[in-house]
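Have a look at the structure below before the remarks.
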Amino acid sequence: MVAVSRHGLIALYGRVNELNGRSMFEVLISYSRRWHMRLSRFRREAKKAESRKYNTLAKKYSHMNMWQECIKNCDLALNINKKQPETLRIKGAGLIELGRFLAAETNFRGLIRQYPDLAQGYNGLAAVYLRQERYDECVAACNESIQRFPPNTKVVFTKGKALLELGRANEAEAFISDFLRENGYMVENRITDKLLQAHLPLEIAMLRIIWQAQLKQQKFETAAETQYDVMRISERAALIGLFGGIGSLVVPFDNSIMGVST
């Protein structure tokens, strides 16, 4: 019951006639309900703010590769509101990085059940399979994602990598090349200025898969051209990085097949 002062009672009593002749008890009940509604609204907003705080921290820790703290804050946010697909995605990524693949798989399957119309669950599940070297299942998960949603860089990279590991180098090269051409990053097997200037890590990683696929197919001249393109991107990014730019986004080119690193 809400406590009401003597002056408050007098004020309410004076308004009885204005409130269509309702009794004092009805007036008090009306005000009590309004007060409880405002209190409930305040509590909901406070929970939303707390959830946003944990989500912000989770993203911050993910960028810093502090995965334990990231997952901890994801769980705190999900305890407040379980219907947060982006939080589930970040948590799944953290579980993968920590090598907790069973928990990651469970997490992404739950994301698919809750949000079958979002690509994150399917793409995350494919990423789990890739890290576990379950390449056939990885390709199947990627294909399901591509059938349901427009292909994005993550699923294209994941499928291309899995195809390469399965020894299907020709398919890996063709699949990734088609994607890069469709997005204006490649023309006639050479990169465009759009990709050279964009510094997109996953697209650059795709080029490396193409390079490896070409070597496996003994297409050495074409592979040399692809290698040169990736090195151009890495060198340009490194120069930009000297001036506080975004060069750190592009890791050094891995020539492990050739026994050389640049």
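The values are calculated or read from the model by the stated rules, or taken from the named source; none is laboratory data. This is a predicted model, so every value here is computed, not measured. Glycine also receives a Cβ, built like all others from the backbone with ideal geometry; neighbour counts cover every protein chain displayed.
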Subset tally (residues that are within 21 Å of G99 (Cβ to Cβ), over 12 Å from the mean Cα position of the chain (by Cα) and not aliphatic (A, V, I, L, M)) for segment 113-129: 1
Condition broken by N65, with the remaining ones in (1) in contact (Cβ under 8 Å) with a residue 24 or more places away in the chain; (2) in a helix (DSSP H, G or I); (3) not charged (D, E, K, R) satisfied: (2)
Matching residues in segment 112-123 - criterion: being surrounded by 17 or more Cβ atoms within 10 Å (Cβ to Cβ), more than 18 Å from K161 (Cβ to Cβ) and touching a Lys or Arg at 6+ places or on another chain (Cβ under 8 Å): Q120, G121
Subset of segment 180-194 (residues that are surrounded by 21 or more Cβ atoms within 10 Å (Cβ to Cβ) and in a helix (DSSP H, G or I)): L180
Failed item in (1) of a type outside the set (K, R); (2) farther than 16 Å from I191 by Cα; (3) surrounded by 14 or more Cβ atoms within 10 Å (Cβ to Cβ); (4) modelled with pLDDT of 90 or more, with G247 passing the rest: (4)
Conditions (1) within 24 Å of the chain's Cα centre (by Cα); (2) assigned to a helix (DSSP H, G or I); (3) at pLDDT below 70; number of the one not met by I240: (1)
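Residue-by-condition table, conditions (1) out of contact with any Ser or Thr (no Cβ under 7 Å at 6 or more places or on another chain); (2) among the hydrophobic types (A, V, I, L, M, F, W, C); (3) assigned to a helix (DSSP H, G or I); (4) over 27 Å from K72 (Cα atoms):
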{"residue": "T106", "(1), (2), (3), (4)": "yes, no, yes, no"}
{"residue": "R109", "(1), (2), (3), (4)": "yes, no, yes, no"}
{"residue": "I112", "(1), (2), (3), (4)": "yes, yes, yes, no"}
{"residue": "P116", "(1), (2), (3), (4)": "yes, no, no, no"}
{"residue": "N123", "(1), (2), (3), (4)": "no, no, yes, no"}
{"residue": "L130", "(1), (2), (3), (4)": "no, yes, yes, no"}
{"residue": "C138", "(1), (2), (3), (4)": "no, yes, yes, yes"}
Which listed residue is surrounded by fewer than 24 Cβ atoms within 10 Å (Cβ to Cβ), within 17 Å of the chain's Cα centre (by Cα) and modelled with pLDDT of 95 or more, from R109, R134: R109
Residues that are at pLDDT below 90 and not aliphatic (A, V, I, L, M), drawn from segment 186-221: E188, N189, R190, T192, D193, K194, Q197, H199, P201, E203
Some residue of segment 95-118 being under 17 Å from S145 (Cα atoms), in contact (Cβ under 8 Å) with a residue 24 or more places away in the chain and among the aliphatic types (A, V, I, L, M): yes
Candidates I176, I204, filtered to the one that is over 24 Å from Q147 (Cβ atoms) and surrounded by 16 or more Cβ atoms within 10 Å (Cβ to Cβ): I204
Flag if E97 is over 25 Å from A119 (Cβ atoms) and surrounded by fewer than 18 Cβ atoms within 10 Å (Cβ to Cβ): no
Flag for D193 being among the acidic types (D, E) and within 20 Å of R236 (Cα to Cα): yes
